[in-house]
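Accompanying notes for the structure given below.
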Amino acid sequence: MTYLDVFLCCLILATIVWAKCGLLFMWLRTKYFGKRKLFAAPAGTPCGGAIYAFTKGMMPWAKESVREHLLSYALGIAYHAGIFTALVVLVMYTVGSYWPAIRNIPAIFIYIIIPLLLIAGAIGGISLFIKRLLDATLRGISCPDDYISNFMATTFTALALASLIMQRLWVSRLWFVSAIILFAYIPFSKIRHCLFFFITRYNFGAFFGYRGCMPPNRDNGCKLF
Amino acid sequence: MSELDELEVKLKALTEAEIESGLDVFKSKLREAEVSYLNSCVHCGLCANSCHYNRAMPELENVPARKLEHIVSVFKSKFTTIGRIAPGLVGARPFNREMIRAWVDAVFGRCSLCGRCSINCTIGIPMPSLFRAARASLASMGLVPSDLQATVDNSLKYGNNMAIEKEEWVETVEWIEEELQAEVEDTEARLPLDKVGAKYLFTVNPREAKFFPLSLQASAKVFWAAKEDWTMASDAGWDLTNYGIFNCNDDQAGAIISNLTNAMERLKCKVLVIGECGHGYQSARWMGPEWLKKHFPYPVISFLELMYEYLEQGRLNVDPNKNTQLVTLHDPCNLVRHGGILEPQRRILRRVVNNFAEMTPYGHENYCCGGGGGQLSMGKYKSRRLKAGSVKASQISSSKAKIVATPCHNCVDQLMELNKEYSLKIQIKTVAELVANAIV
Ligand code: SF4
Ligand code: SF4
């Protein structure tokens, strides 16, 4: 590793810490608003609703919006899988040489599964970017951050793929720079949904779980006292 | 003065201090759950067609995410660092008259608070909770459409939303009692008023007293057949409706729900029974305790649950051959998606009619009829309401049903208008009406 690479790795680490602190700050700000105390007698459990929301409730057949947009759903899944894979590859590239478990990853992962996931992610990101540009409704509900966030995450994923395939130092350095910019941008961007997705989905499930609406309970209201 | 002009006049008259306090009211409605919702939309657009408004009238302002964005943009500009530093980047916008106009249009004019977008949202944002916070803010600035506010004011003044005087209500009940006695040929059949210590306090929609006496008679027949110990209040406390859930003024909603809790205390009943009404059920069962910030020391149940129990216990003898026409069921959003009462109504119908077919989709995925969220009382948005109802109308015609059953009088009203508007040639009945007809 050259000094430049060490410097880039340090910057990556610093921006990761920055992103985490930013998300933590936002989460604490959310907490500051306090929990709602509920007085109505429950008909179900928040926990049951939350479990449903994160499991069956997320299946493609559980939501009409997904059933009617299966391609967008698949692209979204591919995109997120690709980004997650790129993060794993980043760990491999930066601290992998000090971590035996990573050094010993089976070849099928390195040469087939990971590249395929990255390709799928890049295709997903680019397709969703184009969809946002072309679809009038999506354009109407978008702000500049939607395009920038997508562009950054897609670039990060595509450069991870390029690094893996080309094995060129300058490509890897370019990828590191894209990672630094991406992590630095997270607290300002919609990528904060990497945290808020979980909080919101939990609250969504808990709300409907408390009322006995989730999971859909066939016996609700059918056994009175 | 037209309603639109009225809004403009009110907007013009707003002072900066009133706008600022409107924003404070909005903030006061947020807890950590709502703040997380405001941080979550990824603008994927997948919720667009889940809304009956957008399905019927595809345009940007009808997309749930767009309605939400009006609210989120204000939140970003006031309560987030990036929204203050770089508003253009994240779509933060100030809370000014233009934005307030957009809020009124989005949350009163294009939303029935049905919650269908929530269950279809990629993230799971319960949008009605945010739309309610926005309505509350608008209410604090006096921007609730005047006809919706008048309905609330009626409840506050008369104890019911149709300004029915006590004498008129009591006379109506006595008249229905006579009709019931004639129908069941039993002079002991009663619609008891103010029976202290009765097991059940039954509540109704004032539209039953004014326009649909047969509906109240049907419920009374069910109680009579089940030999139940029940009563209704003669004073405030008989009307289950609460339009405070729609103007989102929690103090007013709390005052209206107090009519029911006071009647429960006065009459020492054991269970509060909400007649067939979606928003009435959500108000009393789920929101009432929150508005009053107290646990209710008695169960609050839907009349559907009770009717199902009677059938289960064999307390009602029914013959489904008395209802031979094809029946379908419209699920009220407040009762099903937001209330959790999904199953009793269909189990009842399967027992009391011999030809029942579900709509597609149904249950918690069912489309709103378009009459919820106070839409029925906002004349200004009538044409939108009827157009948005075309989704429900086409669901009904595809079902080929001759009778649409729905356990909600607001839905009954909207469905009757849709029946006329789209020439559906159907009959609309409450579940109790079909049960009563099947009693042998
Ligand atoms: S709550 Fe219902 S009416 Fe309102 S935006 Fe969502 S789907 Fe549309
Ligand atoms: S589905 Fe949910 S996350 Fe996607 S645009 Fe609609 S509200 Fe936003």
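The values are calculated or read from the model by the stated rules, or taken from the named source; none is laboratory data. Since the model is a prediction, treat every value here as computed from it, not as a measurement. Ideal geometry is used to build each Cβ from the backbone, glycine not excepted, and the neighbour counts take in all protein chains shown. Calculation scope for accessible area: heavy atoms of the full protein, side chains included, ligands and nucleic acids excluded. Shrake-Rupley method; radii C 1.70, N 1.55, O 1.52, S 1.80 Å.
From most to least packed by mean Cβ count within 10 Å, the peptides B:164-172, A:198-206 give A:198-206, B:164-172. Ordering B:74, B:284, B:40 by Cα displacement along the dipole of chain B toward the positive end leaves B:40 in first place; charges were set at the Cβ atoms of Lys, Arg (+1) and Asp, Glu (-1). Over every Cα atom in region B:146-440, the radius of gyration and the widest Cα-Cα span, Dmax, amount to 17.9, 48 Å.
Where does region B:249-305 land on Rg/Rh, using Cα atoms and the Kirkwood Rh?
Numbers: Rg = 10.6 Å, Rh = 11.4 Å.
Rounded to two decimals, Rg over Rh is 0.93.
Ordering of B:359-365, A:110-116 by packing is B:359-365, A:110-116, highest average first (other Cβ atoms within 10 Å, averaged per residue). Straight-distance candidates among the lysines for linking to residue A:20, with alpha-carbon spacing under 19 Å and chain neighbours fewer than 8 residues away dropped: A:31, A:190.
Provide a whole-number value for the mean count of partner chain Cβ atoms within 10 Å of the Cβ atoms in peptide A:31-44. It would help to have the intermediate numbers written out before the result.
Values: counts 4, 2, 10, 5, 3, 7, 3, 4, 11, 10, 9, 0, 5, 1.
Mean partner shielding for this stretch: 5.
The helix-only estimate of mean residue ellipticity at 222 nm for chain A, built from DSSP H runs of length n ≥ 4 each weighted as -39500 (n - 2.57), is -23000 deg cm²/dmol after division by the residue total. Applying 1/(1 + (r/R0)^6) with R0 = 35 Å to the Cβ-Cβ distance of residue B:295 and residue B:210 gives a FRET efficiency near 0.55. With the whole protein complex present, residue B:195 retains an accessible surface near 90 Å², based on a 1.4 Å probe. Considering only B:69, B:185, B:417, the Gaussian network model of chain B with Cα springs below 10 Å gives its largest mean-square fluctuation to B:185. Amide H contacts of residue B:356 (H built 1.01 Å from N, in plane; Pro and chain starts excluded): B:327 sit under 5 Å, all sequence-distant by 5 or more or on other chains. Taking label positions 7 Å along the Cα-Cβ direction at both residue B:178 and residue B:355, the computed distance is 3.7 nm, reported to one decimal. 3J(HN,Hα) couplings calculated from phi for region B:336-348 with the Karplus curve 6.51 cos²θ - 1.76 cosθ + 1.60 (θ = phi - 60°) are, in sequence order, 9, 5, 9, x, x, 8, 10, 9, x, 4, 6, 5, 5 Hz; Gly and Pro show x.
Only protein heavy atoms count here; under a 1.4 Å probe, residue B:89 has an accessible surface of about 40 Å².
Look at the stretch A:207-213: the mean tally of other chain Cβ atoms within 10 Å of its residues' Cβ atoms is 6.
The GNM of chain B, with springs linking C-alpha atoms under 10 angstrom apart, assigns the highest mean-square fluctuation among B:428, B:71, B:85 to B:85. With all projection directions averaged, the alpha carbon convex hull of region B:352-440 covers 5.9 nm². Counting only heavy atoms of the protein chains and using a 1.4 Å probe, residue A:172 has close to 10 Å² of accessible surface.
For chain B, the longest principal axis of the C-alpha atoms and the axis of helix B:127-140 are separated by about 80°.
Legend: calculated FRET efficiency, residue A:88 to residue B:61, from the Cβ-Cβ distance at R0 = 56 Å, rounded to 0.05, equals 0.85. Spin-label model, residue B:86/residue B:6: points 7 Å from Cα along the beta carbon direction are separated by 4.5 nm.
When shorter helices are ignored and each DSSP H run of at least 4 residues is given -39500 (n - 2.57), the per-residue value for chain B at 222 nm works out to -14500 deg cm²/dmol. Percent relative contact order of chain B, based on C-alpha pairs within less than 8 angstrom and at least six residues apart? Once normalised by length, the contact order is 16 percent.
Could you list the trypsin sites (Lys or Arg not before Pro) in region A:132-182 that lie in coil according to DSSP, counting only those with at most 13 other Cβ atoms within 10 Å of their Cβ? Walk me through the numbers before you get to the answer.
Working: sites: A:132, A:139, A:168, A:173; in loops: A:168.
Listed in order of number, the matching sites are A:168.
When all protein chains stay in place and ligands, DNA and RNA are ignored, the 1.4 Å accessible-area order of A:58, B:264, B:416, largest first, is B:416, A:58, B:264. Between residue A:80 and residue A:133, full extension at 0.36 nm per residue minus the direct alpha carbon distance yields a gain of 17.1 nm. Between residue B:105 and residue B:167, the contour length at 0.36 nm per residue exceeds the Cα-Cα span by 18.4 nm. 3J(HN,Hα) along region B:276-288: 6, 6, x, 5, x, 5, 4, 4, 6, 7, 10, 8, x Hz, from the Karplus curve 6.51 cos²θ - 1.76 cosθ + 1.60 with θ = phi - 60°, whole Hz, x for Gly and Pro. Dipole of region A:43-210 computed with +1 at Lys/Arg Cβ and -1 at Asp/Glu Cβ about the Cα centre; of A:71, A:47, A:156, farthest Cα towards the positive end is A:156. When the Cα centres of region A:52-108 and region B:82-106 are compared, how far apart do they sit, in Å? Using only Cα atoms to place each centre, the spacing works out to 34 Å. Close amide-amide hydrogen proximity is noted between residue B:429 and B:404, B:405, B:406, each under 5 Å apart and 5 or more residues distant or on a separate chain (H modeled in the peptide plane; Pro and chain starts excluded). Between residue B:425 and residue B:251, the contour length at 0.36 nm per residue exceeds the alpha carbon distance by 58.5 nm.
Taking the Kirkwood radius as Rh and the Cα radius of gyration as Rg, region A:43-210 has a ratio of Rg/Rh equal to 1.02.
Give a quick list of trypsin sites (Lys or Arg not before Pro) in region B:312-396 that DSSP marks as loop, anything other than H, G, I, E or B, with at most 15 other Cβ atoms within 10 Å. All intermediate terms of the calculation are to be shown ahead of the outcome.
Numbers: sites: B:315, B:322, B:337, B:346, B:347, B:350, B:351, B:380, B:382, B:384, B:385, B:387, B:392; in loops: B:315, B:337.
Answer by residue number: B:315.
Positive end of the dipole of chain B (Cβ unit charges, origin at the Cα centre): among B:151, B:91, B:212, the Cα lying farthest that way belongs to B:91. Close amide-amide hydrogen proximity is noted between residue B:274 and B:301, B:302, B:303, each under 5 Å apart and 5 or more residues distant or on a separate chain (H modeled in the peptide plane; Pro and chain starts excluded). In this simple spin-label model, placing a label point 7 Å from the Cα along the Cα-to-Cβ direction at both residue B:234 and residue A:108 gives a separation of 8.2 nm.
Rolling a 1.4 angstrom probe over the protein assembly as shown with all protein chains present gives an accessible area of which 62% lies on carbon and sulfur atoms.
Taking every alpha-carbon pair in the protein assembly as shown and binning the separations at 10 Å intervals from zero gives 3, 15, 24, 23, 16, 10, 6, 3, 1, 0, 0 percent.
Derived scalar couplings between HN and Hα for region A:198-207 equal 5, 5, 5, 5, 4, 4, 4, x, 5, 4 Hz in order, rounded to whole Hz, by the Karplus curve 6.51 cos²θ - 1.76 cosθ + 1.60 (θ = phi - 60°), x for Gly and Pro.
Charges at C-beta only: +1 for Lys and Arg, -1 for Asp and Glu. How large is the resulting dipole of region B:79-124 about its Cα centre, in Debye rounded to 20? If you can, show how the numbers build up before the last one.
Details: 6 positive and 2 negative charges, 8 e Å.
With only Lys, Arg, Asp and Glu charged at Cβ, the dipole is about 40 debye.
Note on B:335-342: average number of Cβ atoms from other chains within 10 Å of each residue's Cβ is 6.
For region B:1-66, compute Rh as the Kirkwood radius over C-alpha pairs and then the Stokes-Einstein diffusion coefficient at 20 °C and 1.002 mPa s; write the answer in µm²/s, rounded to an integer.
Values: Rh = 15.0 Å.
This corresponds to a translational diffusion coefficient of 143 µm²/s.
Using alpha carbons only, how many angstrom separate the centre of region B:342-421 from the centre of region B:229-246? The two parts, judged by their Cα centres, are 23 Å apart.
Using the Cβ-Cβ distance between residue A:95 and residue B:28 with R0 set to 41 Å, the FRET efficiency from 1/(1 + (r/R0)^6) comes to roughly 0.30.
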